[in-house]
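Colleague: Below is a structure I'd like to ask you about.
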Amino acid sequence: MSEKISSKRFSKWVACWGNATSITDRKEATYAKDLTLRYPIRACFSGNKLRFHFSNLTGTEPVTISEAYIAKSTQFEYTPTPITFAGNISGTIPAGEEILSDEIAFDVAAGEMFDVSMHFADFTQMNAGTAITGPLSGGKYSYGNFAKSPTLPDNLTRKTNWIYFLNTIDIFTEEKNFALVCFGDSITAQDWPDYLSLRCAREGYNNVSIIRRAVSGTRILREYSCITYAAYGLKGATRFPIEMNVAGARSVIVQHGINDIIHPVGVEVNKFRPWSDMPTADDLINGVRSLYITHARKLGLKVYSGTLLPIYGWRTYNENRDLIRMAFNEWLRTSPEFDGCVDFDKAVRGHDDPKRFANNFDSGDHLHPSAKAYEAMAECVPEELLK
């Protein structure tokens, strides 16, 4: 297989896997020592070289990766290939910055799985990362150095949905391949981008990668400056230019803004969530227009809007919030400033009561969709974005 892959005419770098980097939910533990992280990655394209972006965007101290490896996840072999940094086995990510590894010769075929494993020998500030879910997402951590081991010891290993430091993987691949960026909050940090990747594989859309740039709790217009909500991340004006750094990107779906609507409750209820944060529909429209569309156009990207999902029954629901959501959705559906609309709301709302999720489409909190609803969201993405 390797000889066949290497003989192909690869010509450009395209991001084949990616997530946002934000402030982690640190709670009691802020540091780790002698820790191995392992993340399984599905290759959506064939290629013969990989390069890795590691981010410490929200860290306040440098982070040193003692050693890192890639290895194919098969029952027949496990041969770790070092990831190097300017020829060195270790690499340091400065506080607030991102580093790029060397180009690593590594033959991979579309559909293959490979592991990315990292070991952190010294005390490491675990501030930079994001939590994601879905059938293709998650990893493991182990106490000790097992970065080169075929298996991780059961008694020292646990699963995690936090992706620390590893931000994006680029593959040197064919000219026809491209990336589709999915930008948003917890709705996008959860399952639908993974289901979209699986749909692409199932339906033969083999030239597109799905790159997730999503952080739970984030808002377009505001961010929090307290440790209670630190993991809710950076506001849109800060996030978007950083997260659109995606090799081979052609389009972006923006599904963002529900947290701007549901978070404010008044200082008498929560001092960090004043009513003054409550936006109008025009505030959200102007935010998307000035912060997202303008920057995406500068990068030559097509921009697709994603409508906001029902919130009836959510703990801060009221009619005024829903009126703002519906007015914002109407602009997202009809504005000529977009190249098109992905109508997620229509895909998951009830037919008899469009303010609610359809039957079996509510996760139970009346804000986040069920697994079945996330599949419906993936199915409603127009083919034109995937071809």
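Colleague: If Rh is defined by the Kirkwood formula over all Cα pairs and Rg also comes from Cα, what ratio Rg/Rh do you get for segment 51-101?
Modeller: Over the Cα atoms of segment 51-101, Rg/Rh equals 1.08.
Colleague: Normalised by the number of residues in segment 177-385, what is the relative contact order in percent for Cα pairs under 8 Å and 6+ residues apart?
Modeller: The value is 20 percent.
Colleague: While we're here: Under unit Cβ charges (Lys, Arg +1; Asp, Glu -1), what dipole magnitude, rounded to 20 debye, does the chain have relative to its Cα centre?
Modeller: Rounded to the nearest 20 debye, it is 220 debye.
Colleague: On to the next question. Under the rule a/c < 1.5 gives rounded, and otherwise a/b versus b/c splits prolate from oblate, where does segment 105-193 land using the Cα gyration tensor?
Modeller: oblate
Colleague: Another one. How about segment 39-109: which chymotrypsin sites (Phe, Trp or Tyr not before Pro) there lie in a loop by DSSP and see at most 16 other Cβ atoms within 10 Å?
Modeller: Here the chymotrypsin sites (Phe, Trp or Tyr not before Pro) that fit, given the DSSP loop and packing criteria, are F76, Y78.
Colleague: Arrange W275, W314, W17 by Cβ neighbour counts within 10 Å, fewest through most, would you?
Modeller: In increasing order of surrounding Cβ atoms, one gets W275, W314, W17.
Colleague: Connecting C-alpha atoms closer than 10 Å in a GNM of the chain, tell me which of N48, N318, N167 has the biggest fluctuation.
Modeller: Highest fluctuation of the listed residues: N318.
Colleague: Kindly put Y312, Y141 in sequence by how many other C-beta atoms sit within 10 Å of each C-beta, fewest to most.
Modeller: Sorted ascending by nearby Cβ count, the order is Y312, Y141.
Colleague: Would you calculate, for the chain, the mean residue ellipticity at 222 nm contributed by helices, counting each DSSP H stretch of 4 or more residues as -39,500 (n - 2.57) and dividing by all residues, to the nearest 500?
Modeller: Value at 222 nm, helices only, nearest 500: -5000 deg cm²/dmol.
Colleague: Placing +1 on the Cβ of each Lys and Arg and -1 on the Cβ of each Asp and Glu in the chain, which of F338, M278, A15 has its Cα farthest towards the positive end of the resulting dipole?
Modeller: Final value for the positive-end residue is A15.
Colleague: Suppose every Lys and Arg Cβ carries +1 and every Asp and Glu Cβ carries -1, with no other charges. What dipole size does segment 150-277 come out with about its Cα centre, to the nearest 20 debye?
Modeller: 160 debye
Colleague: OK, next. Could you work out the local net charge near N145, counting Lys and Arg as +1, Asp and Glu as -1, over the other residues with Cβ closer than 10 Å to its Cβ?
Modeller: Result for the local shell: -1.
Colleague: Is there a quick way to get the dipole size of segment 1-108? I mean about its Cα centre, with the Cβ of Lys and Arg at +1 and of Asp and Glu at -1; what is the value in debye to the nearest 20?
Modeller: Charge dipole of segment 1-108: 500 debye, to the nearest 20.
Colleague: Within the set K33/K271; K49/K140; K27/K372; K33/K72; K140/K271; K148/K302, which residue pairs have Cα atoms separated by over 29 Å?
Modeller: As for pairs spanning more than 29 Å Cα to Cα, those are K33/K271; K27/K372; K140/K271; K148/K302.
Colleague: Which percent, to the nearest 5, of DSSP beta bridges fully inside the chain are antiparallel?
Modeller: Among the beta bridges of the chain, antiparallel pairing accounts for roughly 75 percent.
Colleague: Then there is this: Relative contact order for the chain: what is it in percent, counting Cα pairs under 8 Å that are at least 6 residues apart?
Modeller: 17 percent
Colleague: Moving to a separate point now. Given springs between every Cα pair under 10 Å in a Gaussian network model of the chain, which of P241, P193, P336 has the largest fluctuation?
Modeller: For the chain, modelled as a Gaussian network with Cα springs under 10 Å, the answer is P336.
Colleague: Go through 287-293, 380-386 and give me the packing order, highest mean Cβ count within 10 Å leading.
Modeller: Listed from highest to lowest mean packing, they are 287-293, 380-386.
Colleague: Which one, V181, L196, N206, projects farthest toward the positive side of the charge dipole computed for segment 177-385 from Cβ point charges (K/R +1, D/E -1)?
Modeller: So the residue furthest toward the plus end is V181.
Colleague: If you don't mind, another one. For A109 and N245, compute 0.36 nm times the residue count separating them, minus their Cα-Cα distance, and round to one decimal in nm.
Modeller: That works out to 46.5 nm of additional length.
Colleague: On a 0 to 90 degree scale, rounded to 10, what angle separates helix 192-203 from the longest Cα axis of the chain?
Modeller: 70 degrees
Colleague: Let me ask another. Based on the Cβ-Cβ distance from S363 to E174, what FRET efficiency comes out when R0 is 56 Å, to the nearest 0.05?
Modeller: For S363 and E174, the calculated efficiency is 0.90.
Colleague: For the chain, take the longest principal axis of its alpha carbons; what is the angle in degrees between that and the long axis of helix 319-334, to the nearest 10 within 0 to 90?
Modeller: 60 degrees
Colleague: Let me ask something additional. Put +1 on the Cβ of each Lys and Arg and -1 on the Cβ of each Asp and Glu in the chain; which of V381, P40, S251 then has its Cα farthest toward the positive end of the dipole?
Modeller: Positive-most Cα among the choices belongs to S251.
Colleague: For R202 paired with Y143, estimate the spin-label separation in nm (one decimal), with each label point 7 Å from Cα along the Cα-to-Cβ line.
Modeller: 4.1 nm
Colleague: Normalising by the residue count of segment 2-169, find the relative contact order in percent from Cα pairs under 8 Å and 6+ residues apart.
Modeller: Across segment 2-169, relative contact order equals 36 percent.
Colleague: Grab the other residues whose beta carbon is less than 14 angstrom from that of S225, score K and R as +1, D and E as -1, and report the net.
Modeller: Within the 14 Å Cβ shell, the charges total +3.
Colleague: Suppose we keep just the DSSP beta bridges with both residues in segment 177-385; what percent of those would be antiparallel, to 5?
Modeller: Expressed as a percentage, antiparallel bridges in segment 177-385 total about 10.
No lab work stands behind these numbers, since they all come straight from the coordinates. Model, not experiment: these values are computed from the prediction. Glycine also receives a Cβ, built like all others from the backbone with ideal geometry; neighbour counts cover every protein chain displayed.
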